[in-house]
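Step one of this worksheet: look at the structure below.
The values are calculated or read from the model by the stated rules, or taken from the named source; none is laboratory data. Just so it is clear, the structure is predicted and the values come from calculations on it, not from any experiment. Cβ coordinates were reconstructed from backbone atoms using ideal geometry, including for glycine residues, and neighbour counts include every protein chain displayed. Each accessible area value is taken on the protein alone, full model and side chains, heavy atoms only, with ligands, DNA and RNA left out. Shrake-Rupley method; radii C 1.70, N 1.55, O 1.52, S 1.80 Å.
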Amino acid sequence: METKEVLLQLRKVHELTQEEMAKRLLVTRQAVSRWETGETIPNAETLKLISKEFHVSINTLLGMPQRLFCQCCGMPLDDDGLLSQEKDGSFNEDYCKWCYTDGKFTYTSMEELMDCCVPILQEQFPETTEQQLRDMMQKQLPQLKHWKK
């Protein structure tokens with residue numbers, strides 16, 4: 001979905017007129033209209049405001065141009081409901097809601113993370129042993145932003 005379609009859908013879901021959306025975002029009605037026709041897209045600061053105001057990630061607002069993965073556990077972040085949030089309620093698109101919450105990381109070590117994740121992975125992949133899963137995570141986790149040294 002393109003940005004113009006995402007913004008139009010967002011406005012309709014919240015049952016807002018272009019004028020009402022413009023007031024919430026501190027822009028003109030014409031700006032909202034131009035976004036919805038695809039003539040322009042909101043600037044970076046306005047995208048942040050839309051994200052916070054309507055609880056949707058910037059990635060979603062931009063039409064999902066990239067596939068996100070949690071930079072702590074590696075889980076795909078295919079849905080905004082999986083994204084972590086900062087204390088102010090803004091999305092943090094680098095981490096899932098289980099690894100990072102209210103500005104704090106949940107896990108202090110890779111071992112602690114693996115202790116939590118391996119039993120869940122074993123349910124999804126019963127043919128894989130615990131040691132195989134740990135070996136896989138031991139290899140993959142250091143590649144992620146949170147664990148890079």
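Return one quarter of the surface area of the convex hull spanned by the alpha-carbon atoms of the stretch 1-65, equal to its mean projected area, in nm².
One quarter of the hull surface, i.e. the mean projection, equals 3.7 nm².
What are the lysines whose alpha-carbon lies under 28 Å from the alpha-carbon of K48, with same-chain residues fewer than 8 places away excluded?
Hits, sequence-local ones excluded: K4, K12, K23, K87, K97, K104, K145, K148.
With every protein chain left in place, what is the accessible area per residue of the stretch 1-95 in square angstrom, probe 1.4 Å?
Counting only protein heavy atoms, the per-residue value for the stretch 1-95 is 56 Å².
Give me the net charge of C72's neighbourhood, meaning all other residues with Cβ under 9 Å from the Cβ of C72; Lys, Arg count +1, Asp, Glu -1.
Neighbourhood net charge equals 0.
Under 10 Å, Cα contacts only: if you run a Gaussian network model on the chain, which one of T128, T101, T46 comes out with the highest mean-square fluctuation?
Ranking T128, T101, T46 by mean-square fluctuation puts T128 first.
How much space per residue, in cubic angstrom, does the convex hull of the C-alpha atoms of the chain take up?
Each residue corresponds to 126 Å³ of Cα convex hull volume.
Taking amide hydrogens as modeled 1.01 Å from N in the peptide plane, which residues meet the under 5 Å criterion relative to N92, leaving out close sequence neighbours?
Under 5 Å from the amide H of N92 lie the amide H atoms of S84, Q85, E86, each far enough along the sequence or on another chain.
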